[in-house]
Amino acid sequence: MIDFDPRTRTWNLVLATSFHALRADPDGRVVCLGSGPRAVGPALPIASGALPDDPFPRIGVDRQGRRDEVVTFGDHTWHEPTLKVSFPGADGGLPIRDVRLRYASHEIDRLADGRETLRIRLDDPVQPFSAWLCLRVDATLDVIERWLEIENRGDRPIQVEQLSSGTLHLPAGRWELLHAAGGWAAEFQSERVRLPVGTTLLESRSVHTGFVHHPFYLLSFEGGADESHGTVYFGQLAWSGSFRLAFEQRPNAALHVHGGYSPFDFALSLAPGERHATPALLHGACADGFSGASQRMHAFLRERVLPRTDPPEPVRPVLYNSWEASYFALSLASQIALAKKSAAIGVELFCVDDGWFGARRNDTAGLGDWRVSPEVFPTGLRPLADEVHRLGMKFGLWVEPEMVNPDSDLYREHPDWVLHFPDRPRTEHRHQLILDFGRPEVVAHLADALARIVDENAVDFLKWDMNRSATEPGSVAGKAIWRRHAEGVYALMDGLRRRFPRLSIESCSSGGGRVDAGILARTDQFWTSDNTDALARVAIQEGASLAYPARAMCCWVTHERNHQTGRRLELATRFDVAMRGALGIGSDLSALDDAELDEYAKWIAFYKRIRNTVQNGICHRLQRLEEAGTSIVEYVLPDASEAVVSTVAVERRIAQLVRPARLRGLDPSALYAAFDRDEREYVRARGAELEALGLDPNLGTGRYGPGYSRTLWLRRIG
Ligand code: DGJ
């Protein structure tokens with residue numbers, strides 16, 4: 001609900017368990033009055049009666065204490081701005097880099113699904129320039145989407161030099177930041193740091209999100225939260241290009257959070273009459289700890305962000321991907337053999353990875369030539385697609401549209417279509433260059449090529465890869481390339497999905513290098529990491545679960561001896577870990593005997609029974625890996641009828657007790673029974689007991705140590 005008091009010009013945004021309040025002060029500045037978890041009840045979180053003119057006492061001349069909802073570069077120029085603009089000087093005079101935004105008007109719209117959008121128009125009193133502070137409130141899901149729209153109302157171009165989607169002002173305190181950082185094969189490593197006085201940055205300086213930092217945060221008062229208790233402010237950016245989240249911990253203990261485009265090499269020119277809308281910053285607050293914050297982000301992404309295919313897929317299908325079985329050694333016979341074995345063990349979607357096109361027999365050539373290789377598939381891909389469909393599975397194909405190998409027909413035809421500065425050296429990564437999405441003809445060429453691939457080969461699923469970061473970003477679009485690239489990717493995906501409503505897409509970037517709420521509005525799942533070692537995956541998946549739902553997180557079971565780490569792990573451990581997300585299989589099924597294939601089939605059948613709870617349930621991290629070397633995760637359906645409890649031990653920590661996992665979200669008075677894959681019953685107890693006393697993680701087996709794992713399915717039986 002959005003309540004507005006015209007007398008004090010106060011807006012109260014009231015959500016299920018949180019609030020955000022703002023006000024146009026007597027000068028017309030729109031300032032944040034407060035935000036956070038709220039006492040649930042009929043009263044408005046912030047009294048709308050008369051307030052002192054400036055409710056935020058200044059410390060010295062620190063005007064950042066003012067908490068403007070849109071902080072502009074102007075007046076006191078040392079504060080970190082949401083927005084910085086340069087206007088041409090009058091009659092060729094000095095350019096003016098000063099914006100002061102004042103309340104002009106506002107409107108509140110209501111969507112059919114109940115979400116309300118507050119749009120506050122702010123005008124500069126002197127320059128013909130306006131901004132709209134937009135806040136869309138999803139009261140049920142407890143999340144606010146915030147973005148900024150700006151318009152040049154003058155008759156000369158203006159230069160925007162810095163632009164964020166939003167700035168948030170958190171209560172004074174010493175803050176801790178929980179986020180995820182990493183690299184190739186080690187994505188989403190969670191880190192918890194005490195914010196120092198000063199500015200802490202999470203950022204990407206590429207044309208994609210990257211995996212050095214992932215664009216989300218969970219903030220808590222120092223020592224003030226755990227997985228199920230305490231106040232947490234959370235947020236994530238719906239943007240797949242170069243981004244920045246900046247956390248300014250002020251000496252006076254105030255905390256300002258800025259999220260939006262990275263100012264690194266940023267430029268945005270607005271022609272007369274032109275408007276620009278930023279991507280959204282999703283944010284909220286809760287009182288039930290880090291799991292509570294993650295649950296709100298998961299639900300929002302599932303309900304409002306992830307795309308819907310037509311017909312819809314209530315759960316993600318079990319995938320087979322032939323990359324680790326075949327690498328570049330593809331043939332019709334080998335893929336059909338894998339497809340038959342996949343169908344027999346219960347796979348629902350069969351995807352051929354890299355190497356099916358052009359001269360792509362290894363990673364040095366062919367990228368960009370999106371024609372089926374007659375050398376590999378002499379009769380084309382259609383016989384394979386048809387066989388996959390005949391076997392009752394969907395057919396998927398790997399693409400990497402944004403890239404080109406210099407050894408390709410596309411590059412030979414259009415050497416100027418790549419990002420580079422003329423007559424300067426340029427760097428190749430994995431023997432490839434990035435196409436210049438600043439050129440509309442490049443995007444148009446890819447739109448045709450992708451539509452043709454999907455159409456001619458009856459493709460149901462694309463694994464959309466992106467395997468390098470930007471360097472030497474010379475583009476016909478100039479500095480705008482940092483945005484244009486992501487916008488071009490969005491346009492391509494949106495166009496494909498419009499044309500092929502059944503198509504689903506996986507976002508991959510050498511693993512989890514492009515995962516964010518922007519790409520997730522166009523892709524049904526993401527490839528979490530090239531590292532498929534089950535024990536390494538526990539930390540990777542746990543970090544991803546801070547922000548992203550299990551439904552979207554693709555996890556494969558691969559070979560007994562892992563190709564990335566060389567470690568051998570039992571099949572049960574590999575399944576127990578991969579079943580924590582959207583299950584995929586990447587093993588060479590042709591090398592397995594019947595008994596092994598039978599085991600795969602049993603695990604897949606079990607996964608199909610529990611996957612609705614895993615993919616659409618509420619996720620509680622009962623025990624974080626960092627606590628005792630063991631991770632325990634519970635997924636529970638909102639109606640408490642079923643739960644899945646997954647335990648994986650990565651380390652054995654001598655003399656460190658693994659405490660019983662106290663379950664959450666159950667019906668206290670109901671009786672539950674916990675079963676394993678083979679329907680062996682382990683425990684029978686009331687919800688209240690399972691919540692108060694917990695479940696012994698090693699289930700009395702006495703076995704405990706690296707690789708010990710167990711997935712239990714709890715069902716309400718009375
Ligand atoms: C990187 C991806 O992460 C892998 O899964 C695989 O698709 C390769 N690219 C193919 O080149």
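Counted by Cβ distance under 14 Å from R136, the other residues give a net charge of -4, where Lys and Arg count +1 and Asp and Glu count -1.
Taking only the C-alpha atoms of the range 319-614, the Rg (one decimal) and the largest Cα-Cα distance, Dmax (whole number), read 19.0, 60 Å. A Cβ-based charge dipole, computed about the Cα centre of the range 620-717 with Lys and Arg at +1 and Asp and Glu at -1, lands at about 240 debye.
Listed by chain and number, the aspartates and glutamates whose alpha-carbon sits under 14 Å from that of K341, ignoring those within fewer than 8 places in the same chain, are E387, D588, D593, D594, E596, D598, E599. Using the average count of surrounding beta-carbon atoms within 10 Å as a protection proxy, the listed peptides 515-526, 472-483 rank, highest first, as 515-526, 472-483. Only one residue of W527, A477, H445 has its Cα farthest out toward the positive end of the dipole of the range 444-565, where Lys and Arg carry +1 and Asp and Glu -1 on Cβ, and that residue is A477.
Of all lysines in the structure, the ones whose alpha carbon falls short of 24 Å from that of K479, not counting any fewer than 8 places away in one chain, are K84.
Summarising the amide proton neighbourhood of A104: residues at separation of 5 or more, or on other chains, whose placed amide H is nearer than 5 Å comprise R121, L122, D123.
Calculated from the alpha-carbon coordinates, the range 248-296 shows an Rg and a Dmax of 16.6, 48 Å respectively. Among rounded, prolate and oblate, which fits the range 418-458 when a ≥ b ≥ c are the square roots of the eigenvalues of its C-alpha gyration tensor, a/c under 1.5 means rounded, and a/b larger than b/c means prolate? Oblate.
Per residue, the solvent-accessible area of the chain (1.4 Å probe, heavy atoms of protein chains only, all protein chains present) comes to 36 Å².
Of A688, N698, S646, which is farthest on the positive side of the dipole of the range 620-717, counting Cα position, with +1 on Lys and Arg Cβ, -1 on Asp and Glu Cβ, and the Cα centre as origin? Projecting each Cα onto the dipole axis, the largest value belongs to N698.
Apply the Kirkwood formula to the chain: the hydrodynamic radius equals the inverse of the mean of 1/r over all pairs of different alpha-carbon atoms; give it in Å with one decimal. With all distinct Cα pairs of the chain included, I get 26.9 Å. Using only Cα coordinates, the Kirkwood hydrodynamic radius of the range 616-671 works out to 12.1 Å.
Computed 3J(HN,Hα) for the range 435-442, one whole-Hz value per residue from the Karplus formula 6.51 cos²θ - 1.76 cosθ + 1.60 where θ = phi - 60°, is 5, 7, 6, x, 8, x, 5, 5, glycine and proline marked x. Counting protein heavy atoms only, the chain has 52 percent of its accessible area on carbon and sulfur, 1.4 angstrom probe.
Let me have the relative contact order for the range 319-614, percent, based on Cα pairs under 8 Å that are six or more residues apart. Relative contact order comes out at 18 percent.
Peptides 306-313, 243-250 ranked from most to least packed, by the mean per-residue count of other Cβ atoms within 10 Å: 243-250, 306-313. Here, the range 220-266 is characterised by an Rg to Rh ratio of 1.07, where Rg is the alpha-carbon radius of gyration and Rh the Kirkwood radius.
Take every pair of alpha-carbon atoms less than 8 Å apart whose residues are at least six positions apart; their mean separation over the length of the chain yields a relative contact order of 10 percent. In terms of packing, defined here as the mean over residues of other Cβ atoms within 10 angstrom, the peptides 203-213, 337-347, 264-274 line up highest first as 203-213, 337-347, 264-274. Normalise the Cα radius of gyration of the range 78-125 by 2.2 N^0.38 Å (N = residues in it) and let me know the number. Rounded to two decimals, the normalised Rg is 1.71. Counting only Cα atoms, the range 92-165 measures 52, 22, 18 Å along its principal axes, largest extent leading. Whole Å is fine, so just give me how far the alpha carbon centre of the range 507-561 lies from that of the range 221-247. The range 507-561 and the range 221-247 have Cα centres spaced 19 Å from each other.
Across the range 620-717, the convex hull enclosing all Cα atoms gives 85 Å³ per residue. Pair-distance distribution P(r) for the range 358-413, from all Cα-Cα distances in 10 Å bins starting at 0: 23, 43, 26, 8, 0 percent. The mean sequence separation of alpha-carbon pairs under 8 Å and at least six residues apart, normalised by the residue count of the range 620-717, gives a relative contact order of 32 percent.
Computed from backbone phi with θ = phi - 60° and the Karplus coefficients 6.51, -1.76 and 1.60, the 3J(HN,Hα) list for the range 99-108 is 10, 10, 9, 10, 4, 10, 6, 8, 9, 10 Hz; x is used for glycine and proline. The Cα-based radius of gyration of the range 462-598, divided by its Kirkwood radius, gives an Rg/Rh of 1.05. Note on the chain: helix-only mean residue ellipticity at 222 nm, from DSSP H runs of 4+ residues weighted -39500 (n - 2.57) and normalised by residue number, equals -5500 deg cm²/dmol. Radius of gyration (Cα atoms) of the range 399-537, expressed as a multiple of 2.2 N^0.38 Å: 1.07.
How big is the gap, in Å, between the Cα center of the range 431-465 and the Cα center of the range 615-631? For the range 431-465 versus the range 615-631, the Cα centre distance is 38 Å.
Annotation: average projected area of the range 298-423 is 10.8 square nanometres, based on the convex hull of Cα atoms across all directions. Counting only the Cα atoms, the range 190-235 fills a convex hull of 95 Å³ per residue.
The values are calculated or read from the model by the stated rules, or taken from the named source; none is laboratory data. Remember, it's a predicted structure, so these values are computed and weren't measured experimentally. Ideal geometry is used to build each Cβ from the backbone, glycine not excepted, and the neighbour counts take in all protein chains shown. We work out accessible area using only protein heavy atoms, side chains counted, and drop any ligands, DNA or RNA first. Shrake-Rupley method; radii C 1.70, N 1.55, O 1.52, S 1.80 Å.
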